[in-house]
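Participant: Below is one structure. I have some questions about it.
The values are calculated or read from the model by the stated rules, or taken from the named source; none is laboratory data. Computed from a predicted model, the values in this text were never measured in an experiment. In this analysis, Cβ positions are derived from the backbone assuming ideal geometry, glycine residues included, and neighbour counts consider all displayed protein chains. Just the protein is used for accessible areas: all its heavy atoms, side chains included, with ligands, DNA and RNA removed. Shrake-Rupley method; radii C 1.70, N 1.55, O 1.52, S 1.80 Å.
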Amino acid sequence: MTTPITYRDAGVDIDAGDSLVEAIKPFAKRTLRPEVLAGIGGFGGLVELPKRYREPVLVSGTDGVGTKLKLAFQLARHDTVGIDLVAMSVNDILVQGAEPLFFLDYFACGKLDVPVAADVIKGIARGCELAGCALIGGETAEMPGLYGKGHFDLAGFTVGAVERDQVLPRTDAMRPGDILIGVASSGVHSNGYSLVRKVVTNSGLTYASLSPFDQKQKLGDALLTPTRLYVKSGLAAIRTGGVKGLAHITGGGITDNLPRALPNALDAAIDLSAWQLPPVFAWLTREAGLEQAEMLRTFNCGLGLIVVASPDKAGQVIDAFGDNGERAVRIGELAMGSGPEPAVRYRGALS
């Protein structure tokens with residue numbers, strides 16, 4: 001007689017999945033918005049559009065955390081990568097002018113460790129709270145043999161709304177002389193970690209070493225600093241009426257991301273001495289021996305968001321970010337284009 005083989009024998013524990021759902025419900029509940037009709041527990045989440053929208057356009061975004069997850073595995077610290085996951089998606093739709101309404105996550109692993117997964121999703125819920133969007137559902141996939149022990153992957157999905165006549169960027173309204181404003185990042189955010197990890201290995205340091213650029217914490221903790229969420233401050237800046245465009249500075253750095261928010265006829269002229277290069281980037285530059293051009297195309301170099309603003313309202317835009325806890329400074333202006341496509345022209349040097 002053949003011995004029965006259960007799903008658990010094959011490596012998938014349905015009871016563990018049910019336990020995780022129950023564990024995360026209180027965190028998800030704190031993120032709910034009035035528009036949520038049905039959240040976690042069903043086959044799909046139900047959300048109605050806020051009634052204040054006249055001609056709403058839905059804006060969607062998806063992203064992951066990348067190899068920054070490797071740090072979380074090595075340090076056994078899982079409470080911050082969920083914030084990164086939310087930030088990478090909601091910041092992307094913010095730059096279209098959208099208010100994030102809801103978020104869903106995908107958590108994939110070889111064997112489900114409920115406390116670890118709960119920590120991750122607790123971070124996701126915290127990110128949703130900071131962004132003002134509801135965590136309405138997700139998927140936990142246990143796939144034995146596909147992921148190594150203690151490893152998992154994350155993906156996030158968000159949907160937001162914006163009035164049709166307020167979609168950004170407003171490239172047709174951009175002119176030479178419009179002001180470029182840089183909004184400070186919290187560090188490396190969630191891009192470039194394949195290089196970061198290689199730099200750490202080559203430096204002879206470990207993640208348990210005292211950080212060479214921040215003597216108050218260990219290197220691993222410093223590098224796990226989560227991505228800034230610019231939603232509340234960005235929406236406040238948009239409400240001033242002075243924002244013509246926004247760029248989320250992710251993989252590709254300033255060089256590749258800012259032109260995505262510009263029309264063909266204009267370039268971005270940026271003064272690199274307008275802000276101080278954060279210590280983590282100075283350390284990476286020294287250890288990797290990177291040229292300035294490579295740094296500007298790999299990392300955010302201290303600016304997680306760049307704004308194109310009307311000259312007469314640039315001060316109000318900067319104040320709106322400051323009033324919401326962000327550091328924003330003028331970093332340059334738009335100029336007549338030097339080629340068929342928009343580009344970034346730098347002057348000075350990163351300080």
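Participant: Given the conditions (1) at pLDDT 95 or above; (2) charged (D, E, K, R); (3) farther than 30 Å from N191 by Cβ; (4) surrounded by 12 or more Cβ atoms within 10 Å (Cβ to Cβ), which single one is not true for D92?
Facilitator: Of everything listed in (1) at pLDDT 95 or above; (2) charged (D, E, K, R); (3) farther than 30 Å from N191 by Cβ; (4) surrounded by 12 or more Cβ atoms within 10 Å (Cβ to Cβ), D92 misses just condition (3).
Participant: Hey, another quick one. Scan segment 15-63 residue by residue and report those that are in a strand (DSSP E or B) and either of a type in the set (D, E, K, R) or under 25 Å from the mean Cα position of the chain (by Cα) (or both).
Facilitator: Scanning segment 15-63 gives V36, I40, L46, V47, P56, V57, L58, V59, S60, G61, T62, D63.
Participant: While we're on this one: When you check K313 against the structure, is it open to solvent by 40 Å² or more (accessible area, probe 1.4 Å) and at pLDDT 95 or above, yes or no?
Facilitator: Answer is yes for this residue.
Participant: Being of a type in the set (D, E, K, R), modelled with pLDDT of 80 or more and open to solvent by 100 Å² or more (accessible area, probe 1.4 Å) is the filter here, so list the residues in segment 1-39 that pass it.
Facilitator: E22, K29, R30
Participant: Consider only pairs whose beta carbons are under 6 Å apart and that are at least six residues apart or on different chains; among these, list those whose first residue lies in segment 104-132 and is at positive phi and whose second residue is open to solvent by less than 60 Å² (accessible area, probe 1.4 Å) and of a type outside the set (S, T, Y).
Facilitator: Qualifying pairs under 6 Å: none.
Participant: While we're looking at this one, here's another question. Counting only residues that are part of a strand (DSSP E or B) and crowded, with 16+ Cβ neighbours inside 10 Å, which one in segment 157-180 is farthest from the chain's Cα centre (by Cα)?
Facilitator: Selected residue: I179.
Participant: Also, I was wondering about something else. Does R286 meet the test of being among the charged types (D, E, K, R), open to solvent by 60 Å² or more (accessible area, probe 1.4 Å) and modelled with pLDDT under 95?
Facilitator: So R286 fits the description; yes.
Participant: Of the residues V114, V81, V95, which is closer than 30 Å to G241 by Cβ and touching a helix residue (DSSP H, G or I) at 6+ places or on another chain (Cβ under 8 Å)?
Facilitator: V95
Here is a yes/no grid of residues against (1) part of a helix (DSSP H, G or I); (2) open to solvent by less than 10 Å² (accessible area, probe 1.4 Å); (3) touching a Leu at 6+ places or on another chain (Cβ under 9 Å):
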site: G145; (1), (2), (3): no, no, no
site: A155; (1), (2), (3): no, no, yes
site: G182; (1), (2), (3): no, yes, yes
site: V196; (1), (2), (3): yes, yes, yes
site: V200; (1), (2), (3): yes, yes, yes
site: G220; (1), (2), (3): yes, yes, yes
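Participant: Need the failing condition index for L284 against (1) under 25 Å from A320 (Cα atoms); (2) in a helix (DSSP H, G or I), just the number.
Facilitator: Every condition holds for L284 apart from (1).
Participant: Since F281 meets every condition but one in (1) hydrophobic (A, V, I, L, M, F, W, C); (2) surrounded by fewer than 18 Cβ atoms within 10 Å (Cβ to Cβ); (3) touching a helix residue (DSSP H, G or I) at 6+ places or on another chain (Cβ under 9 Å), which condition does it not meet?
Facilitator: (2)
Participant: Of (1) touching a strand residue (DSSP E or B) at 6+ places or on another chain (Cβ under 6 Å); (2) assigned to a helix (DSSP H, G or I); (3) among the aliphatic types (A, V, I, L, M), V120 satisfies all except one. Which?
Facilitator: (1)
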